[in-house]
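What follows is a single structure, written as structure tokens, with notes after it.
The values are calculated or read from the model by the stated rules, or taken from the named source; none is laboratory data. What you see is a predicted model, and the numbers here were worked out from it, not measured in a lab. No Cβ is skipped: glycine too gets one built from the backbone with ideal geometry, and neighbour counts run over all protein chains shown. Each accessible area value is taken on the protein alone, full model and side chains, heavy atoms only, with ligands, DNA and RNA left out. Shrake-Rupley method; radii C 1.70, N 1.55, O 1.52, S 1.80 Å.
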Amino acid sequence: MFNKIFKNLTLYIALFTLISLSNQSLYCQQAMIKYEGKKILDTPDREFDAIHYKINIKFNLPEKKVSGTTTIKLTPFHDDFNKMVLDAVNMKIENVIINNSIPSKFDYDSTKLTIYLDKNYSYDDTFNVSISYYTISPQKGMYFVNPDGKNPSLPVQIWTQGQADEARYWIPCFDEPCDKATTEIIAKVNGNFTTLSNGYLVEEKTNPDGTKTVHWIQDKPHPTYLITFVAGEFDVIKHKVDNIPLFYYIDKKNSDKAEFIFGRTPEMIKFFSGILNYTYPWDKYAEVILKNFVAGGMENTSATSFFDRIIVDKRTLQDFSPDMIVAHELFHQWFGDLVTCKNWAELYLNEGFASYSECLWLEHKSGKDEALYHLFEELKTYLSEAKTRWQRPIRYYRFKNPTFMFDRHSYQKGALVVNMLRFELGDRLFFKTLSRYLKDYQFQPVETENLIMTIEKVTGRNMKWFFDQWVDKPGHPVLDVNYNWNEESKELTLNVKQNPDTTKRVPVFKFSTLVELTTINSRKTEKISITKKEESFKFTLDSKPLMVRFDKWCNLIKEINFKKTEEELLYQLKNDDDVIGRLTALENLKEIKTDNVKTTLAFVIKNDAFWAVRKNAISLLKKFKGNDVVETLISATKDKNSKVRRTAINALGKFLNDEIISLLENIFKTDKSYYVQAEIISTLSRTEDPKYFRFFEEALNYNSYNDIIRYNALRAMEHLNDKRTISYAMEYIKSIYSTSLRLTAIRILRKYGKENPDIEDKLIEIVKEGYSPIFISTVNALVTIKSRKSIPVLKEILKKEELKDSLKRFIKRKLQSLESYYENNKNSQKR
Ligand SMILES: [Zn+2]
């Protein structure tokens, strides 16, 4: 699954609004849990082996109802098997039949279905259990978008999301990743729908009533959480790569963009199949874009689902490439789907590898710098969680709910550990290990020990220590590094000290790393191995070093304190061939404001080969003053990389004058990047000068990826406190616009809504639309403007059975607040 917030989008998106209210509250609980404690989620015993699931379903769309029969073929794991338990949430169980003929007794408590078999079955038996059931408006697992078709701005879609434990909301099953089975889905859907499921389509036939029945078979075993079913109106673009059929499913109005989004998939399949020396394992590969999808992407076996923010046009690609998420989900088809973590405690075996595939793809497609930069960003992302939230072992059995495992430890730290393993083993043995691991454990659940055993088989090395410290212990090396130079003996002593927080069980780490020493005449790189808390290493050089680099190429997960002089940092910034060295030099120059720094920054902005170095140099240069600074920034607005141009424009915001303003207005009309245009709006907006109202008003006419231009323009207008903004907010609150735009519109309406019946009616209209990503903000706005009319509306909504409990509690609280306001008002009037 891909749950990351895209960093370059967060400027424009106040909230990752796809996260549901209940997930938000879970997230908060998670932050308070300490990793120490009882092991509470061990891999369960399996009483039986599910061999095959045959899922026969049909729908009643307006009722959000799915009904059908699931038949499980199974074999017991012991003799005297006369009772079995399945996961099944909030279903109405109609009957249970054994071997297609024998009705069976059962108990059901809304989460577990206990089936009493007709006799004692033995270890060697194989038999069928068929459960007929239905469920209405499932809270998870199966999602209905615009099921009654009443919202013209939304497509009608049915889709499922199984990870982590949601399959049980629409399939009675043994819903654990430790059990794999083949599956098939026979579904009756509207005649105009296109469907997608795992495996291959066996049959599609039209029924006399105009509906159609589709039959999909997945004949290679996979876990229940990867079962998918999608139905809706899609265009399907077909390709083939190495005889594997490839399908891009996209809503009809965006089908011209499919190639921009998924066009690199064939090359990715070839590339990953090649480096893994394991051909893509499934019958086909399909990628489908869904409306209101609950995650970024989900790697269902042979049929990945994506959220619709992935829809880009050609112009967007320079600022945001969908390649990371596309590669991530594709790599899961091997790591996650072919070999699957046995227990969510080892989620990194899925997510760490899939996240690392993003670096592999970048290295292949865009070169080493891009891959290193991505890895460096992953390191920062992990460290921020480690510093502000928690440090837990990556393998972690103490979660209350598998959702907790989808954090920066499983993803980012997991990826960084995979990268360190690559460094430790070397490329040849690393990829040989991956290949052997896939072949030895294909179609099986795995745990870390399987990987350790494979490494031993391939390389002869016992790597238990590596997984023990990086996977089973929390934290990472926190290092003090310094060196002494002895001019007489021409000897450099490098001192490395680890500062482990033993109260948190952080160990003294054992690791290898590269040290690079550069003098005026030479450059040498040496691999050193660190095993103790404090160690020193001696190197003989021809002269005093100009640059000492610890952990060249950034292979190590670490925090490091390595003080360097201004001269050393400037040398490193200009001369290090490792882009991370140049970026780190910039970070360490932050507080130094000398002329030398200023000149070097200007040089770097003009000359560095890597965009992020130029970009970060701009962020430092803007703290200096002078015409030369402004000139450098102006020339950077012509940089070939749009992210550099954006930063330059943002920096020019500090130096605005008539000349710069007219330059920005000009760039707004000509630049090919939506993000650059959006940046100009927010830069001008910071002046809070009402004279730009017209400019922002004009910008509202620009279409752009995810509405970022319109969004920035509306936000800019919001800050100008001009009542003319109301009419725009009334427009942009409509459901055809992006969530971020709608949220801005709500804020504006909330500001002007008191005693404005039009605004009150509009907000009520939105609330009546039902649960949407802006529902909560709209209710909050109604409470702010003391909307009396919304009281009966909210009461009516509260009656809906399908509402999540957390949402019910929220609405009740808001109702109380409104009612007590009017109660108090009444009382005060009486007095
Ligand atoms: Zn993933």
Can you list residues whose amide H is under 5 Å from F127's amide H, if they're 5+ apart or on another chain and H is modeled 1.01 Å from N? L74
How much of the pair distance distribution for region 127-279 lies past 27 Å, counting alpha-carbon pairs only, in percent? 32 percent
Using the Cα atoms as the points, what is the convex hull volume per residue of region 457-557 in Å³? 115 Å³
Of all DSSP beta bridges having both residues in the chain, the percent classed as antiparallel (nearest 5) is 80 percent
How big is the accessible area of D805 in square angstrom, nearest 10, if you roll a 1.4 angstrom probe over the protein chains? 100 Å²
Looking only at aspartates and glutamates whose Cα falls under 15 Å of K606's and that sit 8 or more positions away or on another chain, we get D628, E631, D639
Output needed for region 48-233: three equivalent-ellipsoid semi-axes, defined as square roots of 5 times the C-alpha gyration tensor eigenvalues, in descending order, whole Å. 29, 17, 15
Go through K574/K622; K64/K400; K623/K723 and tell me which ones have a Cα-Cα distance over 27 Å in this structure. K64/K400; K623/K723
Rg to Rh, two decimals, where region 741-831 supplies the alpha carbon set and Rh follows Kirkwood: 0.98
What is the distance in Å between the Cα centres of region 644-658 and region 688-760? 24 Å
Work out from phi, with θ = phi - 60° and the Karplus expression 6.51 cos²θ - 1.76 cosθ + 1.60, the ³J(HN,Hα) of each residue of region 273-288, listed in order in whole Hz, and give x for Gly and Pro. 4, x, 5, 8, 6, 8, 4, 2, x, 10, 5, 7, 10, 10, 10, 10
Nearest 20 debye, what's the magnitude of the dipole of region 522-635 about its Cα centre given +1 on Lys and Arg Cβ and -1 on Asp and Glu Cβ? 140 debye
Return the calculated 222 nm mean residue ellipticity for the chain, to the nearest 500 deg cm²/dmol, obtained by summing -39500 (n - 2.57) across DSSP H runs with n ≥ 4 and dividing by the residue count. -11500 deg cm²/dmol
So which aspartates and glutamates pass the test for K754, namely a Cα distance under 16 Å, with those fewer than 8 places away in the same chain ruled out? D722
Let me check against my output: what whole-number percent is the relative contact order of the chain, with C-alpha pairs under 8 Å and at least 6 apart? 8 percent
The alpha-carbon center of region 454-505 and that of region 349-363 are separated, in whole Å, by 24 Å
May I ask which of K150/K734; K527/K564; K473/K590; K238/K368 have a Cα-Cα span longer than 24 Å here? K473/K590; K238/K368
Mean accessible surface per residue for region 470-522, computed with a 1.4 Å probe while every protein chain stays in place, in Å²: 43 Å²
Quick one: give the max-minus-min coordinate of the C-alpha atoms of region 521-656 along each principal axis, largest first, in Å. 54, 28, 25
Long-range amide H partners of M547, meaning residues 5 or more apart or on another chain whose placed amide H is closer than 5 Å, are T518
Rounded to whole angstrom, the alpha-carbon centroid of region 769-831 lies from that of region 232-310 at a distance of 42 Å
In whole angstrom, how long is each semi-axis of the equivalent ellipsoid of the chain, when you take the square root of 5 times every eigenvalue of its Cα gyration tensor and sort them from largest down? 46, 40, 25
Check the straight Cα-Cα distances from K510 and name the aspartates and glutamates below 18 Å, setting aside those fewer than 8 residues away within the same chain. E424, D468, D472, D480, D501, E526, E534, E535, D551, E559
Against the rule of thumb 2.2 N^0.38 Å, how large the Cα Rg of region 427-488 comes out: 1.67
Given a 1.4 Å probe and the protein chains all in place, what does the accessible area of K365 round to, in Å² to the nearest 10? 100 Å²
Entries in K257/K365; K73/K240; K365/K538; K205/K240 that, when Cα-Cα distance is taken, lie over 29 Å: K73/K240; K365/K538
Sorting N482, L743, V506 by the position of each Cα along the dipole of the chain (Lys, Arg +1; Asp, Glu -1; all at Cβ), the one nearest the positive end of that ordering is L743
Using DSSP, restrict attention to beta bridges with both residues in region 48-233 and report what percent are antiparallel, rounded to the nearest 5. 90 percent
